[in-house]
1. What is the magnitude of the charge dipole of the chain about its Cα centre, with +1 placed on the Cβ of each Lys and Arg, -1 on the Cβ of each Asp and Glu, and no other charges, expressed in debye to the nearest 20?
2. Please count, across the chain, the pairs of lysine residues with Cα atoms under 15 Å apart that sit 8 or more places apart or on different chains.
3. Per residue, how much accessible area does the chain show when a 1.4 Å probe rolls over the protein heavy atoms, in square angstrom?
4. All other residues with a Cβ under 12 Å from the Cβ of I135 taken together, and with Lys, Arg as +1 and Asp, Glu as -1, what is their net charge?
5. Over region 3-169, what percent of the accessible surface lies on carbon and sulfur atoms, probe 1.4 Å?
6. Report the far tail of the P(r) of region 103-174, meaning the percent of Cα-Cα pairs longer than 18 Å.
7. Which value, in Å² and to the nearest 10, is the accessible area of W165 when all protein chains are kept and the probe is 1.4 Å?
8. As a test of the formula, what do you get for the chain when each DSSP H run with n ≥ 4 contributes -39,500 (n - 2.57) and the sum is divided by the residue count, at 222 nm and rounded to the nearest 500 deg cm²/dmol?
Amino acid sequence: MQLNYKQILPEITTFIFDIDGVLTDGRIHVLPDGRAVRNMTTHDSFVIQLAIKKGLKVAFISGGSGLGVSEILRNLGVVDLYLNASDKMEAYCDLKACYGLSDAEICYMGDDLPDYNIMTKVRLAACPSNAAPEIRAVSHYVSPKNGGNGCVRDILEQALRVRQWWNDSQCHTW
């Protein structure tokens, strides 16, 4: 019998996310000076820092550079941030080795083909609603939210709720 993703959530200690197309909406605005700007929601930002405060490990693996996003993530408490990861599996294996993690305790949320190999290994594969069809097909959970529009908040909030860590006194402050 296959478990429902909500039955798996309490077993997950580590949440790994792609950036472009998951944390951000996948669009890159190029400013006249050549700088790239990405769109993300503060709703995701709030729950990322809350999940970290509660003791969940939150990491990001991206093929892009996303320097502006990386500064925001560091300010939220994210320690493990792999940018310019041309081989995401290599970054994933490095993260697992650093913390002695097993695939069974990891949720990975991706949206496109470079995320595929990791998503077929982890205990809980998740994606935004606008992910590539191949990614949706290997996902245990498809968020009703698009990338950059709250899909990170969606899965992390659910993880906090199943642990009864949602809407307590720590949730009322940044």
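1. The dipole of the chain has a size of about 460 debye.
2. Within the chain, the lysine pair count is 4.
3. So the chain comes to 48 Å² accessible per residue, rounded to a whole number.
4. Local net charge: -4.
5. It is 48 percent, rounded to a whole number.
6. 41
7. Approximately 80 Å² for this residue.
8. Calculated from helices alone, the mean residue ellipticity at 222 nm is -9500 deg cm²/dmol.
The values are calculated or read from the model by the stated rules, or taken from the named source; none is laboratory data. In this text, all values refer to a predicted model and were calculated from it rather than measured experimentally. Glycine also receives a Cβ, built like all others from the backbone with ideal geometry; neighbour counts cover every protein chain displayed. The accessibility values were calculated without ligands, DNA or RNA, using every heavy atom of the protein model including side chains. Shrake-Rupley method; radii C 1.70, N 1.55, O 1.52, S 1.80 Å.
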